[in-house]
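Working notes, beginning with the structure itself.
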Amino acid sequence: MSGPSFERAHNILKAQIDAPTAAFFSSCVNCGLCAEACLFFSETREPKYTPIHKLDPLRKVWKQEYTFWGKLGRALGLSKPLTDQDLADWETLVYDGCTLCGRCSMVCPVGNDIAYMIRKLREGMAVAGHAPAGLVGATTRAIQIGSPMGVKLPALKAQIAHVEEETGLKVPLDVEGADYMLLLSSMEIMNFPEFIGAVTRIFSKAGVSWTISSQAFEATNSGVQIGVSDLAAELVGRIVAAAEKLKVKSVISPECGHAYMAIRWEGPNLVGRPFSFEVIHILELLDTLRKEGRLKLQGKETERLTYHDPCQIGRRGGVLEQPRNLLKEISENFVELPEAGKMNWCCGAGGGVSTNERANELRLKAFGAKKNQLDAIQVDGMVSACSNCRIHLEEGLEEYHMDVPVLSLTELIEKHLAD
Ligand code: SF4
Ligand code: SF4
């Protein structure tokens with residue numbers, strides 16, 4: 001990234017105001033309903049975490065640059081223009097105090113997409129140099145090394161070798177003409193390599209033709225999280241190039257929330273053209289295999305289990321039905337969290353918050369929303385489909401002294417593969 005520049009940031013913010021953004025700002029009736037829907041407000045009760053308030057710098061640009069009264073007020077010196085200090089003052093609200101979870105939009109009476117606009121505000125904040133150091137570091141590593149955690153190909157190959165030894169199965173690498181190309185998040189490679197083993201066994205049983213690309217195996221997209229579209233496009237472009245080189249029909253987004261949003265929903269817009277392949281979430285594929293009779297399962301969990309919907313996969317990604325179909329096949333005591341599905345509460349660590357150490361205390365406080373959900377149903381285990389959620393749910397549970405194991409749905413499915 002080039003050096004910070006407020007002037008460039010201001011121009012970028014002006015350019016970010018598209019028709020939906022202008023419509024959202026002009027239709028806001030200042031009802032404040034979005035506040036109670038946001039975990040940062042509900043758990044701190046601090047008015048500064050009201051979702052629409054977090055957008056004040058962008059709203060100021062919209063008003064002064066695109067509305068008659070705003071232009072007049074600025075010309076008469078009645079309102080102050082946006083300053084670099086305004087952006088500096090908003091940094092913690094925009095990066096630490098928002099996970100881009102989109103829950104606030106579900107209650108807004110005029111349907112304002114706050115997460116969409118926070119993402120736009122981050123475009124200016126990052127260029128002005130007001131993005132958290134942890135996220136800047138992760139983005140730099142993603143661009144320079146190919147992974148926000150600095151995971152290189154030899155590390156992936158070492159994990160693949162372990163999986164092959166353990167399963168006795170081949171993990172396909174760079175197989176041209178395979179049907180599916182699997183992406184992995186760095187967190188899966190380093191913290192949860194069991195996921196690679198689970199997928200290998202499942203795909204072997206179901207007869208899926210698949211591969212991993214050594215050129216582009218990383219699913220995550222720090223460019224989307226920090227809010228720099230050029231970098232986000234560069235990361236998506238690498239996946240597109242690898243998928244096209246291998247001539248795959250589909251790219252599988254793994255158990256990672258924002259990766260799915262980045263490649264499935266933002267990807268074609270970022271690179272400026274439709275993909276020549278389909279993008280599918282691992283849970284969508286597993287449920288399709290189940291429906292086709294290729295994923296045969298046996299036995300059921302008897303313990304009381306619930307499901308945490310990762311925001312970008314469920315509420316914003318639309319993958320709501322598939323995890324439930326799968327869970328009902330393998331669990332006889334499945335119970336929904338209160339406000340599950342579209343209204344589920346975020347784990348508190350999405351949208352780049354997990355890579356921002358400064359936000360740790362706030363994130364754990366915001367976890368209170370998840371704690372309240374869990375307290376209401378008293379389960380023996382919680383299943384999810386995002387490694388980032390998983391690691392931060394575990395941290396939150398530890399912080400609140402709660403003994404609830406967090407499980408991967410893909411790994412649980414593998415456990416129930418029929419002989
Ligand atoms: S997107 Fe989520 S975290 Fe961000 S303001 Fe809305 S409810 Fe709060
Ligand atoms: S809920 Fe919607 S209309 Fe009400 S204050 Fe929030 S953004 Fe504005």
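Rounded to the nearest 20 debye, the dipole magnitude of segment 363-418 is 240 debye, with +1 charges on Lys and Arg beta carbons, -1 on Asp and Glu beta carbons, and the Cα centre as origin. Normalised by the number of residues in segment 62-209, the average gap of Cα pairs under 8 Å and 6 or more apart makes the relative contact order 13 percent.
Any idea what the alpha-carbon Rg over 2.2 N^0.38 Å comes to for segment 61-212? Compared with the compact-globule rule of thumb, segment 61-212 sits at 1.57.
Express the carbon and sulfur contribution to the solvent-accessible surface of segment 142-240 as a percent, rounded to the nearest whole number, probe 1.4 angstrom.
Working: 1850 of 3710 Å².
Carbon and sulfur: 50 percent of the exposed surface of segment 142-240.
Size check on segment 265-313: the Cα extents along the three principal axes, sorted descending, read 48, 26, 9 Å.
Normalised per residue, the accessible area of segment 123-168 is 44 Å², obtained with a 1.4 Å probe and no contribution from ligands, DNA or RNA.
Out of every Cα-Cα pair in segment 1-121, what percent are more than 24 Å apart? Roughly 26 percent, rounded to a whole number. Net length available on complete extension from residue 418 to residue 45 is 129.4 nm, with 0.36 nm assigned per residue and the Cα-Cα distance removed.
Scaled against the 2.2 N^0.38 Å expected of a compact globular protein of N residues, the Cα radius of gyration of segment 212-265 reads 1.06. With only the Cα atoms considered, segment 144-237 has a convex hull volume of 98 Å³ per residue. Positive end of the dipole of segment 133-190 (Cβ unit charges, origin at the Cα centre): among 148, 175, 159, the Cα lying farthest that way belongs to 148.
Could you work out how much longer the chain between residue 241 and residue 19 gets when fully extended? Use 0.36 nm per residue separation minus the Cα distance between them, nm to one decimal. Provide the component values of the computation, followed by the final result.
Numbers: separation 222, 0.36 × 222 = 79.92 nm, distance 3.16 nm.
Length gained between residue 241 and residue 19: 76.8 nm.
Taken per residue, the accessible surface of segment 289-409 reaches 41 Å², heavy atoms only and a 1.4 Å probe. For the chain, the relative contact order is 17 percent, taking Cα pairs closer than 8 Å that sit 6 or more residues apart in sequence and dividing their mean separation by the residue count.
Could you order 296, 48 so the one with the most accessible surface comes first? Probe is 1.4 Å. If you can, show how the numbers build up before the last one.
Working: 296 130, 48 90 Å².
Highest to lowest solvent-accessible surface, that is 296, 48.
Per-residue ellipticity at 222 nm from helix content only, as computed over the chain with -39500 (n - 2.57) for each DSSP H run of at least four residues, stands at -14500 deg cm²/dmol. Calculated on the alpha-carbon coordinates, the convex hull of segment 127-181 measures out at 127 cubic angstrom per residue. Going by alpha carbons, how many degrees (0 to 90, nearest 10) lie between the helix axis of 153-167 and the longest principal axis of the chain? The angle comes out near 30 degrees. Across 416, 53, 162, the residue with the most accessible area heads the list, and the full order at a 1.4 Å probe is 162, 53, 416.
Available extension along the chain between residue 169 and residue 204 is 11.8 nm, counting 0.36 nm per residue and deducting the alpha carbon span. Under a 5 Å amide H cut-off, with hydrogens placed 1.01 Å from N, residue 210 pairs with 179, 180 among residues at least 5 apart or on other chains.
Largest first, the three principal axis extents of the alpha carbons in segment 253-395 are 46, 46, 21 Å in whole numbers.
Mind checking the dipole of the chain: about its Cα centre, +1 per Lys or Arg Cβ, -1 per Asp or Glu Cβ, Debye to the nearest 20?
Working: 45 positive and 52 negative charges, 263 e Å.
Here the size comes out at about 1260 debye.
Are any of the pairs 63/120; 157/247; 249/291; 152/205 more than 18 Å apart by Cα-Cα distance, and if so, which?
Numbers: 63/120 16 Å; 157/247 22 Å; 249/291 20 Å; 152/205 29 Å.
Violating the 18 Å Cα-Cα cut-off are 157/247; 249/291; 152/205.
Counting only Cα atoms, the size of segment 9-67 along its three principal axes is 35, 24, 15 Å, in decreasing order.
Output the 0 to 90 degree angle, nearest 10, between the alpha-carbon long axis of helix 114-127 and the longest principal axis computed from the alpha carbons of the chain. Result, in degrees: 70.
Since only 297, 221, 265 are under comparison, the one whose Cα sits farthest along the positive direction of the charge dipole of the chain, derived from C-beta charges on Lys, Arg, Asp and Glu, is 265. At q = 0.16, 0.17, 0.18 Å⁻¹, what log₁₀ I(q)/I(0) does a Debye calculation on the Cα points of segment 167-316 give, no solvent, two decimals? Taken in order of the listed q values, log10 I(q)/I(0) reads -0.90, -1.01, -1.13.
Taking the convex hull of the alpha carbon positions in segment 242-328 and averaging its projected area over all directions gives 6.8 nm². Of the residues 308, 258, the one with the largest accessible area comes first in the ranking 258, 308, computed with a 1.4 Å probe on protein heavy atoms.
For segment 306-370, the fraction of alpha-carbon pairs lying more than 13 Å apart is 66 percent, rounded to a whole number.
Using only Cα atoms, what Kirkwood radius does segment 358-419 have, in angstroms?
Numbers: mean 1/r = 0.0792 Å⁻¹.
Hydrodynamic radius (Kirkwood, Cα pairs) of segment 358-419 is 12.6 Å.
Reducing segment 108-139 and segment 301-352 to their Cα centroids gives an inter-centroid distance of 26 Å.
Average the reciprocal distances over every distinct pair of alpha-carbons in the chain, invert the result, and give the Kirkwood radius in Å. Kindly include the intermediate steps, with their values, before the conclusion.
Values: mean 1/r = 0.0451 Å⁻¹.
This gives a value of 22.2 Å.
Counting Cα-Cα pairs of segment 150-192 in 10 Å increments starting at 0 gives whole-percent bin shares of 24, 55, 21.
Could you please state how large a percent of the accessible area of segment 265-419 is carbon and sulfur, counting protein chains only and using a 1.4 Å probe? Using a 1.4 Å probe with all protein chains present, segment 265-419 comes out at 44 percent carbon and sulfur. Solvent-accessible surface (1.4 Å probe) assigned to residue 31 amounts to roughly 70 Å².
Please compute the contact order of segment 169-328 in relative form: average sequence separation of alpha-carbon pairs under 8 Å and at least six residues apart, divided by the residue count, as a percent. It would help to have the intermediate numbers written out before the result.
Numbers: 231 pairs, mean separation 38.8, N = 160.
For segment 169-328, the relative contact order is 24 percent.
The values are calculated or read from the model by the stated rules, or taken from the named source; none is laboratory data. Remember, predicted model here, so these are calculated numbers, not experimental data. Heads up, the Cβs are rebuilt from the backbone with ideal geometry, glycines too, and the neighbour counts pull from every protein chain shown. These area figures cover heavy atoms from the full protein model, side chains too; ligands, DNA and RNA do not enter into them. Shrake-Rupley method; radii C 1.70, N 1.55, O 1.52, S 1.80 Å.
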